[in-house]
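Peer 1: Below is one structure. I have some questions about it.
The values are calculated or read from the model by the stated rules, or taken from the named source; none is laboratory data. Model, not experiment: these values are computed from the prediction. FYI the Cβ positions are ideal-geometry reconstructions off the backbone, even for glycines, and counts take in every protein chain you see. Heads up: the accessible areas ignore ligands, DNA and RNA and are worked out on the full protein's heavy atoms, side chains in. Shrake-Rupley method; radii C 1.70, N 1.55, O 1.52, S 1.80 Å.
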Amino acid sequence: MGDATAELGLALMLAAARRIVEATRRARAGTMDPWWFGTTLSGATLGIVGMGDIGARLARKASAAFGMKIQYFGRSRKSQAIEAEA
């Protein structure tokens, strides 16, 4: 369940960053700009509130897939091993 939730988080970030809903509407209306919309996630900074199981999974996936920098806020500091992966 944790991986599915983290993957959904990545999917929603991609949809928002690349403006997928707007691009789909414009494509269907025939008013699509010459190239893509939005911005890239590569190298961006991801802020996570709560670095529990799902937050840690999201951090690992975002870092591995997009090279995102991870910043988080949690009640306790995570171990160096988790932070290195994130």
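Peer 1: Restricting region 39-51 to residues that are open to solvent by less than 70 Å² (accessible area, probe 1.4 Å) and assigned to a loop (DSSP other than H, G, I, E, B), which is nearest to Arg77 (Cα to Cα)? Talk me through it step by step, then tell me what you get.
Peer 2: Taking region 39-51 and keeping what is open to solvent by less than 70 Å² (accessible area, probe 1.4 Å), we get 41, 43-44, 46-48, 50-51.
With the extra rule that they be assigned to a loop (DSSP other than H, G, I, E, B), the set shrinks to 41, 43-44, 50-51.
Details: Leu41: 25, Gly43: 23, Ala44: 22, Gly50: 10, Met51: 9 Å.
Checking each candidate, the answer is Met51.
Peer 1: Here's another thing I want to ask about it. Scan region 59-75 for residues that are more than 19 Å from Asp3 (Cα to Cα) and either open to solvent by less than 70 Å² (accessible area, probe 1.4 Å) or of a type in the set (A, V, I, L, M, F, W, C) (or both) and report the count.
Peer 2: Filtering region 59-75 down to residues more than 19 Å from Asp3 (Cα to Cα) leaves 69, 71, 73-75.
Then keep just the ones that are either open to solvent by less than 70 Å² (accessible area, probe 1.4 Å) or of a type in the set (A, V, I, L, M, F, W, C) (or both); that gives 73-74.
Looking only at that region, the number is 2.
Peer 1: Still on this structure, I have one more. Taking Thr5 as the residue in question, decide whether it is of a type in the set (Val, Ile, Thr), closer than 28 Å to Gly55 by Cβ and open to solvent by less than 70 Å² (accessible area, probe 1.4 Å). Steps first, answer last, please.
Peer 2: On the way: of a type in the set (Val, Ile, Thr): yes; closer than 28 Å to Gly55 by Cβ: yes; open to solvent by less than 70 Å² (accessible area, probe 1.4 Å): yes.
Yes, satisfied.
Table: residues versus (1) part of a loop (DSSP other than H, G, I, E, B); (2) touching a residue at least 12 places away in the same chain (Cβ under 8 Å); (3) under 9 Å from the mean Cα position of the chain (by Cα).
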{"residue": "Gly9", "(1), (2), (3)": "no, yes, yes"}
{"residue": "Met13", "(1), (2), (3)": "no, yes, yes"}
{"residue": "Val21", "(1), (2), (3)": "no, no, no"}
{"residue": "Arg26", "(1), (2), (3)": "no, no, no"}
{"residue": "Phe37", "(1), (2), (3)": "yes, yes, no"}
{"residue": "Ala56", "(1), (2), (3)": "no, yes, no"}
{"residue": "Ala59", "(1), (2), (3)": "no, yes, yes"}
{"residue": "Ile70", "(1), (2), (3)": "no, yes, no"}
